[in-house]
Ligand SMILES: CC(C)(COP(=O)(O)OP(=O)(O)OC[C@H]1O[C@@H](n2cnc3c(N)ncnc32)[C@H](O)[C@@H]1OP(=O)(O)O)[C@@H](O)C(=O)NCCC(=O)NCCS
């Protein structure tokens with residue numbers, strides 16, 4: 001089922017357009033716009049990994065490196081492709097890349113009710129290290145998760 005997919009760094013503006021579309025579908029009014037995505041991409045340490053399926057991008061992960069730490073800023077799979085293992089595959093690829101690099105800590109925030117994402121993170125060894133009150137616009141808290149690499 002997962003054949004024909006490829007994970008690699010963002011390549012061009014056509015790929016960015018797919019991300020803009022997925023942002024809208026997945027995050028609605030909280031979606032990042034094309035300008036916001038470009039601004040993030042141009043920030044020091046920022047990188048975007050895309051999951052390609054045939055000639056389209058069906059998922060992406062945006063992260064920012066600072067010395068030996070990484071923060072995951074965005075992680076999504078197109079709704080039409082969710083629940084079929086693509087998110088796990090993309091996240092595993094991302095971790096493989098981080099483990100090959102100088103990175104020692106990965107941090108991310110997740111809603112306590114986002115069971116699908118939490119399942120991926122916890123099964124990859126992430127631990128809860130904190131909680132940010134009223135983090136999301138609907139008033140929900142965020143869990144802060146951390147993975148230590150090689151420590
Ligand atoms: C989170 C997201 C990227 C995961 O991608 P996905 O392709 O849908 O996920 P997968 O199909 O790889 O499934 C991941 C795991 O969740 C499990 N899962 C699915 N629905 C679940 C549910 N309701 N409760 C608990 N686990 C669930 C799956 O069984 C799978 O675990 P397994 O591999 O051990 O069987 C995707 O759902 C998404 O884009 N969600 C909206 C945006 C978002 O929430 N991003 C993360 C922000 S922190």
* Could you calculate the contour length gain from residue 3 to residue 132, that is, 0.36 nm times the residue separation minus the distance between their Cα atoms, to one decimal place in nm? => 42.6 nm
* Kirkwood-based Rg to Rh ratio, the range 1-46, C-alpha trace -> 1.03
* Structure fact -> Restricting to Cα pairs under 8 Å and 6 or more apart, the percent relative contact order of the chain works out to 18 percent
* Given a Förster radius of 22 Å and the C-beta distance between residue 42 and residue 68 as r, what FRET efficiency does 1/(1 + (r/R0)^6) yield to the nearest 0.05? -> 0.50
* To do: Could you tell me what % of all Cα pairs in the chain have separations over 25 Å?
  => 26 percent
* Asked: At 222 nm, what helix-only mean residue ellipticity would the chain give, in deg cm²/dmol to the nearest 500, using -39500 (n - 2.57) for each DSSP H run of four or more?
  -> -9500 deg cm²/dmol
* Order these peptides, 55-61, 103-109, 136-142, by their mean beta-carbon neighbour count within 10 angstrom, highest first. => 55-61, 103-109, 136-142
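None of the figures in this text is laboratory data; all of them are computed from the coordinates on show. Computed from a prediction, not measured in an experiment: that's the story for all the values here. Note: ideal-geometry Cβ built from the backbone for every residue, glycine included; neighbour counts use all protein chains shown.
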